[in-house]
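Colleague: Quick one: the structure is below, and I'll ask about it shortly.
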Amino acid sequence: EQVLNAAFGILQHREYVIIGSLSVLGASDSPPKTMVGSVDLDFYPRGDPDRAGEVEAMLGQESEFARKHGYYADPVSPLLATLPDGWEARLVPVVFESGVTAFFLEANDAAISKYVRGEPRDKRWIRAGLADGILSLAVIEYRLREETATERGEGEKARSAIAADREWLRKRLQRQRRQH
């Protein structure tokens, strides 16, 4: 909220789309720490994404804001994430007391982008969400079928990672059953 209120002070926009790791804040009041460990808020103004970069100097990684608060704004393009068709209709709005609204990327849509990117931190984020029940492999797989913006080989890489996570979940459930 603090970052978005500061962005409003600069851009005079009240609506922001939140993508990336912290988009999970729209899905859960208390997500696993692994999912919210990021110190940067990936966002852009909903009605004017081309202006996102205007906040970099005052709210970005090297800003006084970042030094003071320990986190910062990371203005991004709406084209950064690989997302399934219909993602905009699934944005989760949260209206703050200030009148600023954050539209959080739905967690399963964020997971698709993370599967496509495939970095180790993405894998940790996804598995924490699966373990906590925030994410659903069935939903992710269904939506990945609809996704059209992957580059050659990215969709297959994501499906392979999903299969590995399905096996990881199966083994995790077996261990839990043995412990009870």
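Colleague: Which condition does residue 13 not pass, out of (1) more than 28 Å from residue 144 (Cβ to Cβ); (2) open to solvent by less than 40 Å² (accessible area, probe 1.4 Å); (3) outside any helix (DSSP H, G or I), if it passes all the others?
Modeller: Single failed check for residue 13: (2).
Colleague: In addition: What tally of residues in region 16-65 results from selecting those that are in a strand (DSSP E or B) and either of a type outside the set (A, V, I, L, M) or open to solvent by 80 Å² or more (accessible area, probe 1.4 Å) (or both)?
Modeller: The total comes to 6.
Colleague: Return yes or no: is residue 113 open to solvent by less than 70 Å² (accessible area, probe 1.4 Å) and not in a helix (DSSP H, G or I)?
Modeller: Criteria not met by residue 113.
Colleague: I would also like to ask the following. Is it true that some residue in region 127-134 is within 19 Å of residue 23 (Cα to Cα), at pLDDT 90 or above, assigned to a loop (DSSP other than H, G, I, E, B) and touching a helix residue (DSSP H, G or I) at 6+ places or on another chain (Cβ under 7 Å)?
Modeller: Yes, region 127-134 contains at least one residue that is within 19 Å of residue 23 (Cα to Cα), at pLDDT 90 or above, assigned to a loop (DSSP other than H, G, I, E, B) and touching a helix residue (DSSP H, G or I) at 6+ places or on another chain (Cβ under 7 Å).
Colleague: Right, something else. Six or more apart or on different chains, Cβ under 6 Å: which pairs go from a residue in region 95-122 that's farther than 11 Å from residue 158 by Cα and free of Cβ contacts under 8 Å to residues at least 40 places away in the same chain to one that's part of a strand (DSSP E or B) and open to solvent by 10 Å² or more (accessible area, probe 1.4 Å)? Could you list them?
Modeller: Cβ pairs passing all conditions: 95/101.
Colleague: Just to be sure I understand the filter: pairs with C-beta atoms under 6 Å, separated by 6 or more residues or on different chains, first member in region 52-75 and over 14 Å from residue 8 (Cα atoms) and touching a residue at least 40 places away in the same chain (Cβ under 8 Å), second member small (Gly, Ala, Ser) and open to solvent by less than 10 Å² (accessible area, probe 1.4 Å). Which pairs pass?
Modeller: Once the first residue is over 14 Å from residue 8 (Cα atoms) and touching a residue at least 40 places away in the same chain (Cβ under 8 Å) and sits in region 52-75, its partners that are small (Gly, Ala, Ser) and open to solvent by less than 10 Å² (accessible area, probe 1.4 Å) give 72/60.
The values are calculated or read from the model by the stated rules, or taken from the named source; none is laboratory data. Fair warning: this is a prediction, and the values are worked out from it, not measured in the lab. FYI the Cβ positions are ideal-geometry reconstructions off the backbone, even for glycines, and counts take in every protein chain you see. To get the accessible areas, we keep the full protein, side chains included, count just its heavy atoms, and leave off ligands, DNA and RNA. Shrake-Rupley method; radii C 1.70, N 1.55, O 1.52, S 1.80 Å.
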